[in-house]
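Scroll down for the structure; my scribbles are underneath it.
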Amino acid sequence: MNSNVKKRLYFFLVSIITTLVIGKFVFDSLKINSVYFFSPTDLKNINEIPNGLIRVGGMIKIKSLSKKGNQYSFIVTDFKNEIMVNYTGIKPNLFEEGQGAVVEGKLNTRTNLVATKILAKHDENYMPKEVADALKKTGNWKKNYGK
């Protein structure tokens, strides 16, 4: 092999290896920063419980909200299945029973989530798209939601 062919081959191999390494770093960072959305029914039906951060959306079940200091417990439902949520922190002003919300956190069990964030709707007419889609999927969507 002459020296020009060796240089081209070397350059080609270094380029391929560099591209693969950069691709792996990008893929790993996307995987780490991904937060998947589930409804309570989705969580009941999946085979493997997610071990990273997830978002669960639905309606806050009426008469399920309890408070001790800055610790809150409540139930998120899609009217087919429910998940108990425990949250420590400041409750958003628009967060209340009977309203739609998305909570972000980690699962203890398939039916218990320790939330790190509560994403409450921003006014009485808004329904998060993920929550609306989950309610429609379970057949519990009402036309007055999100109006």
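Laboratory data are not the source of any read-out in this text; all were calculated from the coordinates shown. Predicted model, so just to flag it, every value in this text is computed and none were measured. Reconstructed Cβ throughout: ideal geometry from the backbone, glycine too, with neighbour counts over all protein chains shown.
Expressed per residue, the C-alpha convex hull volume of the chain stands at 169 Å³. In deg cm²/dmol, rounded to 500, what helix-only [θ] at 222 nm does the chain give when every DSSP H run of at least 4 residues adds -39500 (n - 2.57) and the total is split over its residues? The helix-only estimate for the chain comes to -10500 deg cm²/dmol at 222 nm. Here's how it looks for LEU119: its modeled amide H is under 5 Å from those of VAL102, VAL103, GLU104, which are all 5 or more places away or on a different chain. For the set LYS44/LYS136; LYS80/LYS129; LYS67/LYS106; LYS67/LYS91; LYS106/LYS136, the pairs lying more than 22 angstrom apart at their alpha carbons are LYS106/LYS136. With K and R counted +1 and D and E -1, the other residues having a Cβ less than 10 Å from that of GLY105 yield a net charge of +2. For the stretch 16-87, taking the reciprocal of the average inverse distance between every pair of different Cα atoms yields a Kirkwood hydrodynamic radius of 14.8 Å.
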